[in-house]
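Colleague: Pasting in a structure now, in structure tokens, and then I'll have a few things to ask.
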Amino acid sequence: MKTIKIPTITQSSATELPYPDNFFDAVFTDPPYYDNVPYSYLSDFFYVWLKRSIGDLYPELFATPLTPKSKEIVAYTHDKSWQEAKEIFEKNLKKAFEEIHRVLKPNGIAVIVYAHKSTEGWETLINSLLDSGLVITATWPIHTEMKLRLRAQDSAALASSLYIVCRKMERKEVGLFKDVKKEIEEYVPKKLENLWKDGISGADFFIAGIGSAIEVFGKYKMVMDNEGKEVRADRLLEYVREVITNYAVKQILHNGVAGSLSPLTKFYLLYRWTYGSSKVSFDEARKLAQSVGVDITREWDKGFIIKDKEFIKVLGPKDRDLKDLEDSRELIDVLHRVLLLWKKDRSEEMKKVLVETGYAHDEVFYKVAQAISEVLNPDDEEKRLLDGFLSRKEGLKQEIAKEETKSSGRLF
Ligand SMILES: C[S@@+](CC[C@H](N)C(=O)[O-])C[C@H]1O[C@@H](n2cnc3c(N)ncnc32)[C@H](O)[C@@H]1O
């Protein structure tokens with residue numbers, strides 16, 4: 001007869017595991033994702049009732065009046081500064097990863113699940129992992145979240161989590177940043193190719209890209225630049241973002257036209273692609289802008305980039321005023337102007353704008369419009385306008401061409 005092994009369930013902090021060294025074949029963990037969920041505070045709601053009803057059966061689990069909070073690994077900012085919260089999270093996550101390293105058998109395997117939209121969320125995870133001694137051997141983005149859950153609505157929510165596979169083995173000593181960069185540049189686009197085909201898009205695509213880059217630099221104990229300075233996650237991620245961005249622009253525009261776009265157009269496209277219509281922290285937007293050569297502090301409040309306290313918003317056509325767009329030749333401004341005229345059924349004016357700005361027969365203009373439409377949610381108003389305008393594209397171009405020949409090159 002087959003014997004059934006009863007699992008042992010124990011409770012302890014992940015930062016102090018009550019097991020000897022080299023004990024487990026595998027460790028599988030789903031740690032908190034930076035500041036995403038205030039677990040202990042949410043648990044208090046249930047804890048007080050459970051304590052009353054079954055507290056006497058599990059006295060050691062209900063010893064405190066509320067859930068214990070001091071060892072919780074979350075970046076709380078309600079009672080400390082943002083920097084402090086980040087440091088505490090990173091320090092404790094590192095401790096937990098070091099514990100995994102300690103209790104794993106040599107050549108044991110660990111899988112760590114993680115998801116976060118912000119760069120800080122990734123920086124802390126990567127720094128903690130690099131410091132823990134674990135070697136990252138593979139990463140897999142897996143669709144784990146439902147689009148309809150509350151937090152997904154009206155926010156640029158993530159649909160996937162990254163499964164990070166680590167081993168307890170010797171790591172290469174020091175990687176030179178210039179070599180690591182080269183490896184990332186070669187490896188990441190190859191991985192992105194498959195992800196793109198698999199339909200992973202938006203912020204999830206960025207995360208998957210970050211995952212493949214971690215596979216590259218996670219092999220080293222330390223990455224150093226030419227001046228002998230250690231390169232930490234922030235610099236690594238900045239570079240990874242640049243690689244992903246270039247790839248995305250090329251892909252979105254079906255390869256080839258990216259070179260002819262203005263930095264502001266690239267920024268608009270990438271912003272919409274990554275964050276949709278959500279506003280994001282200044283730092284996130286600044287990094288995205290920087291990767292395409294836009295200094296956000298020089299551009300905000302002049303056109304479609306708006307500063308809103310510590311956030312950045314990127315205005316869509318519905319938030320803009322026709323009057324303000326009249327003198328601009330920037331592709332996005334012209335597109336917004338055209339879309340607003342389209343919305344108001346002012347077809348003749350729309351054609352006039354297209355001709356006067358020189359975009360009437362410029363395929364790049366329509367490709368950008370198509371690309372923006374592709375990256376927006378199906379129910380987004382901007383997408384509806386774009387799709388409406390694009391469905392008339394051929395007709396419009398023909399009408400314009402006809403009128404141009406009629407008036408021998410001089411239209412309107
Ligand atoms: C992302 S959630 C895991 C959710 C789980 N996979 C599930 O489906 O229910 C992270 C969990 O880590 C717990 N946690 C936070 N700090 C911890 C610590 N120091 N030791 C052990 N668990 C901790 C949180 O309470 C939370 O339940």
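Bear in mind these aren't lab numbers, they're just calculated from the coordinates by the rules spelled out. The structure presented is a predicted model; accordingly, all values stated were derived computationally and were not measured. Note: ideal-geometry Cβ built from the backbone for every residue, glycine included; neighbour counts use all protein chains shown.
Colleague: Within segment 1-79, list the GluC sites (Glu not before Pro) lying in a DSSP loop whose Cβ has at most 12 other Cβ atoms in a 10 Å radius.
Modeller: Details: sites: Glu16, Glu60, Glu72; in loops: Glu16, Glu60, Glu72.
Qualifying residues, ordered by number: Glu16, Glu60.
Colleague: Shifting gears a bit: Checking the cross-link filter: which lysines have an alpha carbon closer than 20 Å to that of Lys229, excluding same-chain neighbours under 8 positions apart?
Modeller: The qualifying lysines are Lys172, Lys178, Lys181, Lys182, Lys219, Lys221.
Colleague: For the chain, take the longest principal axis of its alpha carbons; what is the angle in degrees between that and the long axis of helix 177-197, to the nearest 10 within 0 to 90?
Modeller: The answer is roughly 70 degrees.
Colleague: Just rank Trp300, Trp273, fewest to most, by other beta-carbon atoms within 10 angstrom. Could the numbers behind the result be given before it?
Modeller: Values: Trp300 18, Trp273 24.
Fewest-to-most ranking of Trp300, Trp273: Trp300, Trp273.
Colleague: Related question: Specify the angular offset, from 0 to 90 degrees and rounded to the nearest 10, of the alpha carbon long axis of helix 347-356 from the longest principal axis of the alpha carbons in the chain.
Modeller: For helix 347-356, the angle is close to 90 degrees.
Colleague: Something else about it: Report, in deg cm²/dmol and to the nearest 500, the calculated mean residue ellipticity at 222 nm for the chain, where each DSSP H run with n ≥ 4 adds -39500 (n - 2.57) and the sum is divided by the residue count.
Modeller: My calculation for the chain gives -15500 deg cm²/dmol from helical runs alone.
Colleague: Turning to a different aspect of this structure: Taking amide H positions as placed in the peptide plane 1.01 Å from N, state which residues far from Val223 in sequence (5 or more) or on other chains have amide H under 5 Å from it.
Modeller: So Val223 has HN proximity to Gly175, Val231.
Colleague: Under 5 Å between amide H atoms, partner at least 5 residues away or on a different chain: which partners does Ala138 have, H built in plane at 1.01 Å?
Modeller: Val165
Colleague: Filter the GluC sites (Glu not before Pro) in segment 159-195 to those in DSSP coil with at most 15 other Cβ atoms within 10 Å of their Cβ, and list the result. Write down the numbers at each step before the final one.
Modeller: Values: sites: Glu170, Glu173, Glu183, Glu185, Glu186, Glu193; in loops: Glu170.
Of the GluC sites (Glu not before Pro), the ones in loops of segment 159-195 whose Cβ has at most 15 other Cβ atoms within 10 Å are Glu170.
Colleague: What's log10 of I(q)/I(0) for segment 45-104 at q = 0.16, 0.22, 0.26 Å⁻¹, Debye sum over Cα points only, no solvent?
Modeller: Per q value, in the given order, log10 I(q)/I(0) is -0.72, -0.86, -0.93.
Colleague: Separation between the Thr29 and Gln290 pseudo-spin-labels, each 7 Å from Cα along Cα→Cβ, expressed in nm?
Modeller: 3.0
Colleague: Based on the Cβ-Cβ distance from Gln398 to His143, what FRET efficiency comes out when R0 is 41 Å, to the nearest 0.05?
Modeller: Details: r = 42 Å, r/R0 = 1.04.
Rounded to the nearest 0.05, the efficiency is 0.45.
Colleague: Any idea what the alpha-carbon Rg over 2.2 N^0.38 Å comes to for segment 258-406?
Modeller: Cα Rg divided by the expected 2.2 N^0.38 Å: 1.04.
Colleague: Further, regarding this structure: Once you have all Cα-Cα distances for segment 1-136, histogram them in 5 Å bins from zero and send the whole-percent values.
Modeller: 2, 9, 16, 19, 17, 15, 12, 7, 2, 1, 0, 0
Colleague: While we're looking at this one, here's another question. Short version: ³J(HN,Hα) in whole Hz for each residue of segment 58-69, in order, from phi by Karplus 6.51 cos²θ - 1.76 cosθ + 1.60 (θ = phi - 60°), x for Gly and Pro, what are they?
Modeller: Listing the rounded values in order: 10, x, 5, 7, 10, 5, 9, x, 10, 4, x, 10 Hz.
Colleague: Against the longest principal axis of the chain, how steep is helix 393-406, in degrees 0 to 90 to the nearest 10, with axes from Cα atoms?
Modeller: With rounding to tens, the tilt is 20 degrees.
Colleague: With both bridge residues required to lie in the chain, what share of the DSSP beta bridges run antiparallel, to the nearest 5%? Write down the numbers at each step before the final one.
Modeller: Details: 21 of 30 bridges.
Within the chain, antiparallel bridges account for around 70 percent of the total.
Colleague: What number in nm² do you get for segment 292-331 if you take the convex hull of its Cα atoms and divide its surface by four? Write out the running numbers ahead of the final one.
Modeller: Details: hull surface 13.9 nm².
Averaging across all directions leaves 3.5 nm² for the Cα convex hull.
Colleague: So if each residue of separation counts as 0.36 nm, and I subtract the Cα-Cα distance between Arg329 and Lys172, what length gain in nm does that give?
Modeller: Working: separation 157, 0.36 × 157 = 56.52 nm, distance 5.16 nm.
Between Arg329 and Lys172, full extension yields an extra 51.4 nm.
Colleague: Across the chain, how large is the tail of the calculated P(r) beyond 32 Å, expressed as a percent of all Cα pairs? Each step should come with its number before you reach the end.
Modeller: Numbers: 39543 of 84666 pairs.
In whole percent, the share of Cα-Cα pairs in the chain beyond 32 Å is 47.
Colleague: Over 24 Å, how big is the tail of the calculated P(r) for segment 207-316, in percent of all Cα pairs? Each step should come with its number before you reach the end.
Modeller: Working: 1945 of 5995 pairs.
The answer is 32 percent, as a whole percent.
Colleague: For a protection proxy built on the mean count of beta-carbon atoms within 10 angstrom, sort 320-333, 121-134 highest first, please. Before the final figure, lay out the partial values.
Modeller: Working: 320-333: 15.6, 121-134: 22.6.
Most protected by this proxy first, the peptides run 121-134, 320-333.
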